[in-house]
Amino acid sequence: MEQSSRPIGVFDSGIGGLTAVSELKRILPNEDIVYLGDTARVPYGTKSRETILRYASQDLEFLKRFDVKFTIAACGTVSSVMAGESLFGGLCTGVILPAVAKACSATKNKKIGVIATVASVRSGSYERLIKQRSPEVKVYSKACPMFVPLVENGYTYPGCEPTALIAREYLEPLRDEGIDTLILGCTHYPLLSEIISEVMGEGVTLISSGAEAADYAKKYLQENDLLKKEDAPGRLRFFCTDSPELFRENAARFIDIGGATVERCDL
Ligand code: DGL
C-alpha cells in the first residue's frame, strides 16, 4: 500500500489521547486513524520510568501491526519519559515539543505553567525543553495526580464541585505566580478546561498538548508528502485493553466516534 494511504497511529494510557484524535479528525478528516488506549493499565503517571518505557514500547509495537505511516504518542507521561529516547526518532511524535513551541510563542510575560502527571513533572522534560527554546522563560510546574481519575470517571462537567475544589488546590499557587500561559501537559486535562479556566482566570492561555501534537502531525505529513490522496472520509478504529463498552461510554465525552469499531486487544 502506498505510504500516504496508511493510517495514523495514536496511543495513550487511556482515553486522554482522544483530545489528539478529535483535533486530527477536525484538521485531517480524510485520514484513517488507529487509536490504542491501554485502559487496563491506566494511569501510567504514577508508575516508574522503567514500567512506563515498557508499556510505551508495547503500545508502539501494537500500532506497527497496522503499518501506520506516523504515530502520535498522545500521552504526556510517555512523551516526558521518552523525551530523548531513540524509539522516538523517525515517524513518531510525542506531545511535549509541539506544546512547548506553542507556549513559548504565546507567553507575553515569560511565565509559563505546566500541569501534568507525577511522572511527567518528575522527568523535568517540559521544563528542560522550554528552557532550551526560551532560556528567559520562568517555568512553574505542578503535578495534578487526581485529575486523571476524575476525567476517567466522568467528573468533568462544568460546575462539578469536587473537581473544582481539587483544581483550586492544585492551581491557585500557579495563578498566584502570575503565569499567562498554562500547558495542559497531560492529554486528559483539556476535558477540565472550563474548570481550570475558572481558577486561572480568562487572561491565562491554556495549551492542549494533544491538539498541538495533532497540528504538528499535519505539518509533518504535509511537508513529507504523506497526506492521504483519496478524497473520502477517514476510517477510525479504536482498540483498548479493557472493556470496549466502558471505552465507548467514556470516549463519548471527548468525541463522537459514531459507528467506529471499538475492540479489546492484548499487548
Ligand atoms: N493521558 C496521559 C498523559 O497525558 C494520562 C496520564 C496517566 O496515564 O497517568 O499523561
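Can you give me the angle between helix 161-177 and the longest principal axis of the chain, using Cα atoms only, in degrees from 0 to 90, rounded to the nearest 10? Between the helix axis and the principal axis of the chain, the angle is about 60 degrees. Positive contributions from Lys and Arg (+1) and negative ones from Asp and Glu (-1), summed over other residues with Cβ under 12 Å from the Cβ of V95, come out at -3. Computed from point charges on the beta carbon alone (+1 for Lys and Arg, -1 for Asp and Glu), the dipole magnitude for the range 161-235 about its Cα centre is near 440 Debye.
Can you check what the net charge comes to around Y35, using other residues whose Cβ is under 10 Å from the Cβ of Y35 (Lys, Arg +1; Asp, Glu -1)? Counting the neighbours of Y35, the net charge comes to 0.
The candidates K108, K219, arranged from most to least accessible area with a 1.4 Å probe in the full protein assembly, appear as K108, K219. So if R0 is 30 Å, what FRET efficiency would S57 and I27 give, r being the distance between their Cβ atoms, rounded to the nearest 0.05? Here the calculated transfer efficiency is 0.60. Among M1, M146, M200, the sequence by solvent-accessible area, most first, with a 1.4 Å probe is M1, M146, M200. Across the range 146-267, Cα-Cα pairs farther apart than 19 Å form 61% of the total. Can you give me the solvent accessible area of V118 with a 1.4 Å probe, rounded to the nearest 10 Å²? Its accessible surface works out to 50 Å², give or take rounding. Note on the range 82-213: with neighbouring protein chains present and a 1.4 Å probe, carbon and sulfur make up 52 percent of its accessible heavy-atom surface. Remark on L236: its backbone amide H falls under 5 Å from those of I33, a criterion applied only to residues 5 or more positions apart or on other chains, H modelled at 1.01 Å from N. Rolling a 1.4 Å probe across all protein chains gives S4 an accessible area of roughly 0 Å². Taking the Cα atoms of the range 67-199, the ratio Rg/Rh between the radius of gyration and the Kirkwood radius comes to 0.98.
Among residues other than L184 with Cβ under 14 Å from its Cβ, the summed charge is -2 (Lys and Arg +1, Asp and Glu -1). For the set D32, D256, D59, the ranking by accessible area, highest first and with no ligand, DNA or RNA atoms included, is D256, D32, D59 under a 1.4 Å probe.
For K138, a cut-off of 26 angstrom between C-alpha atoms picks up these lysines, skipping any fewer than 8 places away in its own chain: K102, K108, K110, K111. Computing Rg and the Kirkwood Rh from the Cα coordinates of the chain gives a ratio, Rg/Rh, of 0.95.
Annotation for the range 154-195 versus the range 16-69: alpha-carbon center distance of 24 Å.
Qualifying GluC sites (Glu not before Pro) in the range 131-179, where qualification requires a DSSP coil assignment and no more than 11 other C-beta atoms within 10 Å, comprise E136. Summary of packing: across the peptides 228-235, 240-247, the per-residue average of other C-beta atoms within 10 Å ranks them, highest first, as 240-247, 228-235.
Quick one: Debye curve from the C-alpha atoms of the range 1-109, no solvent, what's log10 I(q)/I(0) at q = 0.18 Å⁻¹? The Debye formula, applied to the Cα set alone, gives -0.90. Solvent-free Debye calculation, one equal scatterer per alpha-carbon of the range 133-180: log10 I(q)/I(0) at 0.17, 0.23 Å⁻¹ equals -0.61, -0.87.
With one equal scatterer per alpha carbon and no solvent term, the Debye-computed log10 I(q)/I(0) for the range 198-237 at 0.30 1/Å reads -1.05.
Excluding ligands, DNA and RNA, what is the solvent-accessible area per residue of the chain at a probe of 1.4 Å, expressed in Å²?
Details: 11470 Å² over 267 residues.
The answer is 43 Å² per residue.
The values are calculated or read from the model by the stated rules, or taken from the named source; none is laboratory data. As the structure is a prediction and not an experimental result, all values here were calculated from the model. Using ideal geometry, Cβ is built from the backbone for each residue, glycine included, and neighbour counts are taken over all protein chains shown. These area figures cover heavy atoms from the full protein model, side chains too; ligands, DNA and RNA do not enter into them. Shrake-Rupley method; radii C 1.70, N 1.55, O 1.52, S 1.80 Å.
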